[in-house]
1. Express in % the proportion of alpha carbon pairs of the stretch 71-194 at distances exceeding 24 Å.
2. Taking Cα pairs under 8 Å and at least six residues apart, what relative contact order does the chain come out at, in percent?
3. Between the stretch 239-256 and the stretch 291-335, what is the separation of their alpha carbon centroids in Å?
4. What are the ³J(HN,Hα) values, in whole Hz, obtained from phi via the Karplus relation 6.51 cos²θ - 1.76 cosθ + 1.60 with θ = phi - 60°, for each residue of the stretch 247-255 in sequence order, with x given for Gly and Pro?
5. Just to confirm, what accessible area per residue do you get for the stretch 1-67 at 1.4 Å probe, in whole Å²?
6. With the cut-off at 18 Å, report for the stretch 1-145 the share of all Cα pairs above it, as a whole percent.
7. Within 10 Å, count the other beta carbons around each residue, average over each peptide in 158-166, 213-221, and list them highest first.
8. With all protein chains present, calculate the accessible area of His176 using a 1.4 Å probe and round the result to the nearest 10 Å².
Amino acid sequence: MPNNNIRLIIEEKVPFVKGLFENFASVKYLPPEDITAEAVKEVDGLIIRTRTRCDKNLLEDSAVKIIATATIGLDHIDIDYCTQRGIVVANAPGCNAPAVAQYVFSTLLHTVNRPLQSYTLGVVGVGHVGEIVARWGETFEMKVLRCDPPRHDTEGGNQWVDLDTIATQADIITFHTPLTSGGLYPTHHLAGYDFFRKLKRAPIFINSARGSVVDSDALIKAKRQGLVGPIIIDCWENEPTINRQLLSLTHIATPHIAGYSQAGKIRASQVAVDAICSFFNLPTIKLDAVYPAPAATTVAKRDVLASYNPMPESRALKDDPDDFEKIRNNYELRAEVPDGHDPF
């Protein structure tokens, strides 16, 4: 029998978790639009994705004690408010990093017209995702520029460059930072017009990090001025109501599915389940899925191309931007890139 003293709401699109907690708690599965202040009023814990905004409006009169988000990012959660309320927040850093790296290289290979080793790759944000992207870039014998001021401050060393160097030297620029508004290195609109006006090589520009890391209006202006080359966007400001002008200027446009691999979802869901079990002192619960291997150390061009083709989703989104959520919610989770020994 369930323990009716523990009450959980699980966003219905979180995969691999249905049926796991019923022996231990009272559970409701709801779409994000139904996770309202009234719905969570007497709920102890939430398992969510990015579509559930957790802030004072949702949580003020609730009994929520823990929020486990099956995502890397936390910008849909008001961390300061949760801290003040004593609400524990758990996320899944790095869970879909291999999938996002797969997205970056697949979209590049559907864009470039020269061997990858002839390009200089600028990676802005060298965390879980950025490090894999940088490593795979070196596998392809690209010159890789790493920009990560917080890591530079912490670790030192001469392997880092600043954002101006990325702007002036990179042929391809890909962003992999979290979205932050405060601190020493805020990333909100980090890619603004001040950055774009310094570009020297009309680089391929990729955003598969967070939508508001990029100032959409500034990117549109830069593209129209010829400062930017092909644009690849997966993460958008104001999703799912995306900027139609920016969409029209993209080479590849996808509805925030860069991290949508089956392995990434398994990792994220398991982290969320572990957080709930730990918080409520429940027995260990394992998903009914084989836990995936880490990211490939090296990858081959043929394997990247065989593993993912972004063009169907891009065509669908350009044909009907109003289908953003429909395309995203019906996206078939892909397999990640296997280890490969011949990068070319």
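The values are calculated or read from the model by the stated rules, or taken from the named source; none is laboratory data. Predicted model, so just to flag it, every value in this text is computed and none were measured. We place every Cβ from the backbone using ideal geometry, glycine too, and count neighbours over all the protein chains shown. Surface accessibility is based on the protein's heavy atoms, side chains included, excluding ligands, DNA and RNA. Shrake-Rupley method; radii C 1.70, N 1.55, O 1.52, S 1.80 Å.
1. 33
2. Averaging sequence separation for qualifying contacts and normalising by length gives 16 percent for the chain.
3. Centre-to-centre distance over Cα atoms comes out at 16 Å.
4. The phi angles translate into 4, 5, 9, 7, 7, 10, 9, 10, x Hz.
5. Ligands and nucleic acids excluded, the result is 50 Å² per residue.
6. Looking at the stretch 1-145, the distances longer than 18 Å represent 63 percent of pairs.
7. Those peptides, ordered most packed to least, come out 213-221, 158-166.
8. The value for His176 is about 20 Å².
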